[in-house]
1. Which ³J(HN,Hα) values in Hz, rounded to whole numbers, follow from the phi angles of the range 17-32 under the Karplus curve 6.51 cos²θ - 1.76 cosθ + 1.60, where θ = phi - 60° and Gly and Pro get x?
2. What residues qualify as long-range amide H neighbours of MET11, i.e. H under 5 Å apart, gap of 5 or more or another chain, H built at 1.01 Å from N?
3. Amide H neighbours of ARG123 under 5 Å, at least 5 residues apart or on other chains, H built in the peptide plane: list them.
4. Report, in degrees rounded to the nearest 10, the 0 to 90 angle that the Cα long axis of helix 50-59 makes with the longest principal axis of the chain.
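Every read-out reported here was derived from the displayed coordinates using simple, explicitly stated rules and does not represent laboratory data. Since the structure is predicted, the reported quantities are computational estimates derived from the model, not experimental observations.
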Amino acid sequence: MSLKMETGEIMDIEEMKKELERELGPKLYLHSLGTMEEAERLASFYGCDIKKARIAGLLHDCGKAQCKDNLKHAKKSADLAGAKYGVEDESILNAILYHTTGRVNMTLLEKIIFIADKIEPARHYEGVEEIRKEAYKNIDAAIIKSLESTIEYVRSRNMVLDMESVNTLNYLKEGK
């Protein structure tokens with residue numbers, strides 16, 4: 001899939017990969033590739049647009065290396081996906097924007113990028129295997145488990161909790 005850039009040039013996914021490999025450190029680049037591949041598998045499983053999932057998965061952390069505040073890297077990544085990589089599709093930009101916190105009434109693509117980021121193969125943390133299995137049974141239940149785990153982790157370390165995550169969790173638990 002090619003996307004129009006500000007310069008009028010077209011950047012395809014292979015060009016995006018080359019640029020990200022230069023911009024990101026090796027660990028973050030491999031995480032981005034893993035998220036893209038997991039997003040592709042989830043999109044295929046759930047009948048979502050695979051091309052959009054690949055692009056959103058690949059670019060979900062494209063601004064992280066430039067952003068000192070981890071809570072704000074999703075916005076930076078969405079902005080950069082548009083400005084630098086030429087992404088104009090709002091569904092892709094929103095999937096990038098909400099990949100850390102989720103949001104009330106997430107689209108399927110947003111859910112896929114959210115959970116792909118949490119379960120890509122290089123992720124190793126307590127409970128990840130259970131979330132991986134759940135992701136292919138019930139994506140909402142997987143997101144609930146992931147959010148509960150993240151909120152507990154943040155609270156146990158007295159870190160700043162983004163209330164959007166709490167709102168997302170409550171919304172999904174209500175079964176909306």
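1. Going residue by residue, I get 4, 4, 5, 5, 4, 6, 7, 9, x, x, 5, 5, 5, 5, 4, 5 Hz, with x marking Gly and Pro.
2. It is LEU3, MET5, by chain and number.
3. Answer set, sorted by chain and number: none.
4. That helix lies at roughly 90 degrees to the long axis.
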